[in-house]
Amino acid sequence: MAGRVVIEFPSEYKYLNIVDLVCGEIVENLCAGQKASNEIAISVIEAVTNAIDHGNCSCPDENVRIVFPCKEDRFCVEVEDCAKHLELGVRFQ
């Protein structure tokens, strides 16, 4: 499998089922066992839920974007939200 799969949707929980289905299809192509597939799907859904809740403050006008870079030998996922994040290396006072 080559290329990538990208899905983008408003910050609403009703789209989590789509995330689960897409994730499941991609993991299935890696021939991972059922237990591993379930654990990966739970992790991805948790990351997307965090993006909705904390990154976008559950604002449906803000999108969540998920990128699945398709690798033949491993599962990769990128979850993006619209939050303004802290710069790495910045120290709190």
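Accessible area per residue for the chain, computed on protein heavy atoms with a 1.4 Å probe, is 70 Å². Here each label is just a point 7 Å from Cα along the line to Cβ, and for Asn63 and Val5 those points are 1.8 nm apart.
Run the helix sum for the chain: -39,500 (n - 2.57) per DSSP H stretch of 4+ residues, divided by residue count, reported at 222 nm to the nearest 500 deg cm²/dmol. Walk me through the numbers before you get to the answer.
Values: 2 runs with 31 residues, N = 93.
For the chain, the value works out to -11000 deg cm²/dmol.
Between Ala83 and Lys35, full extension at 0.36 nm per residue minus the direct alpha carbon distance yields a gain of 14.0 nm.
Rolling a 1.4 angstrom probe over region 1-87 with all protein chains present gives an accessible area of which 51% lies on carbon and sulfur atoms.
Each residue, Ser43 and Lys71, gets one label point 7 Å from its Cα in the Cβ direction; the gap between the two is 1.1 nm.
Please list Arg74, Arg4 from largest to smallest accessible area, probe radius 1.4 Å, with all protein chains kept in place. All intermediate terms of the calculation are to be shown ahead of the outcome.
Values: Arg74 120, Arg4 150 Å².
Per-residue accessible area, sorted high to low, gives Arg4, Arg74.
Under 30 Å of direct C-alpha separation, and excluding same-chain neighbours fewer than eight residues apart, Lys84 reaches these lysines: Lys14, Lys71.
Arrange the peptides 27-40, 55-68 so that the one whose residues have, on average, the most other Cβ atoms within 10 Å appears first.
Working: 27-40: 13.2, 55-68: 16.1.
Peptide ranking by packing, descending: 55-68, 27-40.
The values are calculated or read from the model by the stated rules, or taken from the named source; none is laboratory data. Keep in mind the model is a prediction, meaning the values are calculated, not measured. Every residue, glycine among them, receives a Cβ derived from its backbone with ideal geometry; neighbour counts consider all protein chains shown. Calculation scope for accessible area: heavy atoms of the full protein, side chains included, ligands and nucleic acids excluded. Shrake-Rupley method; radii C 1.70, N 1.55, O 1.52, S 1.80 Å.
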